[in-house]
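The values are calculated or read from the model by the stated rules, or taken from the named source; none is laboratory data. These numbers were taken from a predicted model, which means no experiment stands behind them. Backbone-built Cβ (ideal geometry, glycine too); neighbour counts: all protein chains shown. We work out accessible area using only protein heavy atoms, side chains counted, and drop any ligands, DNA or RNA first. Shrake-Rupley method; radii C 1.70, N 1.55, O 1.52, S 1.80 Å.
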Amino acid sequence: MSEFIVSEMALPAEVGAEGWSDFVAMAAIRNDVQAEVLGSHEWGFEPEELLPPWLDPVNPKRLFVAHVDGGMVGRATYEFSIDDTVAWIAVEVLPPFRGRGIGTALYGYVFDLATAEGKTIFQTDFYSRNDEPGARIASPSGFGSVDAESVSSRFAQARGYQLEMVLRFSRLPLPASKRVLDEFRREAQAKAGADYRIVRWEGRTPERWLDDAAELRGRMYTDAPHGNLDMGDEVWNANRVRALDEIDAQSPRALLVSAVEHIPSNRLVAFTELMVPSEVDRPVIQRDSLVLKEHRGHRLGMLLKIDNIEAVTATRPGHPSINTTNAEENSFMLAVNESVGFTPVAYAGVWKFVPADTGDRSVNPGS
């Protein structure tokens, strides 16, 4: 059996720069492991699309890889904030190389590093199918479950992790039914009334909406369901929004944003984003979506969902689908998705570990 080598991988400064070929190999591992569970490479990202977020100085990330006989066979990611004690660690190993201790070595390397840097709360997620027979582990939220005997579940539990939340991956074939969209749009507009209207933009956030966009992104950490996961204390302001705009501008994907303005206050109170690849045969990915708590109950989520479907169909026709991910406990948004034709593809378990000698310092975002 060939030995393996684990090391940190330096990130290329830009596409084609030193280290680019290694980054391309790492991206292939990410996409192949994901496709193993999701059933296709539809959810994959090209390395040119993955690189900009990796270079985000506000949300630092470090990358570790395993090699066998000179070929890259696995990766581990370490995402963190300098200002809190939360570490997100993910481990992925190509199927032919599992069972050799490579995943254990990658995880141990990153866990020891994060611990030395003062991290005390560890979180991770693993893809999961929901058609396996046998025992299940239920999410403590009461929504969703994962296979108890899967490799990922056993890997997480062996290291002290507990399941906190289940995510659902869903797919909407395009073009969507115009009849269905028209029906739900009329219902949503009637419920929203005259106090709300849709605004759209592509790419960078318009100047007049910078502060509102910052408020919406900050509220993603408090208003969206996260179970008992610790989401940290990321601070959003206009400068942070502009920094994200710059990162998005470096991606080959176009960013389409639909938002809802509350007319009496002239403030944005909801938004959703679509990431559209330049290749028409690849799916559109839905990124963040949120309706502020105080404006729920007006069918704004449905209004946004229909608007972004219509927007991408009108401006970027021909893509095979829109793919999205939601927490299983986000029953409202899942109901919206199902109403317009989204169907489940796969799931992911999100796990958390707080070593006993640190005490549980987690903060429930809803508290």
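Considering only Ser251, Ser278, Ser145, the Gaussian network model of the chain with Cα springs below 10 Å gives its largest mean-square fluctuation to Ser278.
Only Cα pairs under 8 Å and 6+ residues apart enter the sum, and on that basis the relative contact order of the chain stands at 21 percent.
Between helix 238-249 and the chain, what is the angle of the helix's C-alpha long axis to the longest principal axis, kept within 0 to 90° and rounded to the nearest 10? It is inclined by approximately 70 degrees.
Seen against the Cα atoms of the chain and their longest principal axis, helix 210-219 is set at about 60 degrees.
Each Cα pair under 8 Å and six or more residues apart adds its separation to the average, and for the range 153-248 the resulting relative contact order is 33 percent.
Probing with 1.4 Å while keeping every protein chain in the model, the per residue accessible area of the range 257-367 equals 38 Å². Here the range 145-220 exposes an accessible surface that is 48 percent carbon and sulfur, computed with a 1.4 Å probe and the other protein chains kept in place. Protection proxy ranking, highest mean first, for peptides 323-333, 309-319: 323-333, 309-319, where packing is the per-residue count of other beta-carbon atoms within 10 Å, averaged. Just how far, in whole angstrom, is the range 194-262 from the range 31-104 if you go by their alpha carbon centroids? Here the answer is 25 Å between Cα centres. In loop segments of the range 262-362 as defined by DSSP, there are no trypsin sites (Lys or Arg not before Pro) with at most 10 further C-beta atoms inside 10 Å of their C-beta. The slack in the chain from Ser2 to Trp201, taken as 0.36 nm per residue of separation less the alpha-carbon distance, amounts to 66.4 nm. The stretch between Asp281 and Ala335, if pulled fully straight at 0.36 nm per residue, gains 16.7 nm over its current Cα-Cα span. When the chain is treated as a Gaussian network with alpha carbon springs shorter than 10 Å, the biggest mean-square fluctuation among Ile89, Ile198, Ile285 belongs to Ile198.
With +1 on each Lys and Arg Cβ and -1 on each Asp and Glu Cβ, and nothing else charged, work out how big the dipole of the range 185-254 is about its Cα centre, in Debye to the nearest 20.
In debye, rounded to 20, the range 185-254 gives about 460.
Here the range 220-275 is assigned +1 on the Cβ of each Lys and Arg and -1 on the Cβ of each Asp and Glu. Its dipole about the Cα centre then comes out at about 180 debye. Estimated at 0.36 nm per residue, the fully extended path between Ala10 and Arg154 surpasses their Cα-Cα distance by 48.8 nm. For Arg100, the shell of other residues with beta-carbons less than 13 Å away shows a net charge of -1, using +1 for Lys and Arg and -1 for Asp and Glu. If r is the Cβ-Cβ distance from Arg136 to Ser40 and R0 is 30 Å, what FRET efficiency results, to the nearest 0.05? The formula returns an efficiency of 0.75 here. With a simple spin-label model that places each label point 7 Å from the Cα along the Cα-to-Cβ direction, the separation between Asn237 and Phe97 comes to 4.4 nm. Angle of helix 331-340 to the longest C-alpha principal axis of the chain, folded into 0 to 90 degrees and rounded to 10: 70°.
If R0 is 22 Å, the Cβ-Cβ spacing of Lys191 and Glu294 corresponds to a FRET efficiency of close to 0.85. Of the listed values [x] 21.7; [y] 20.4; [z] 21.0, grab the one calculated as Kirkwood radius over Cα pairs in Å from the structure here. Matching the structure shown: [x]. Summary value for the range 273-330: 47 percent relative contact order, contacts being C-alpha pairs under 8 angstrom separated by 6+ residues.
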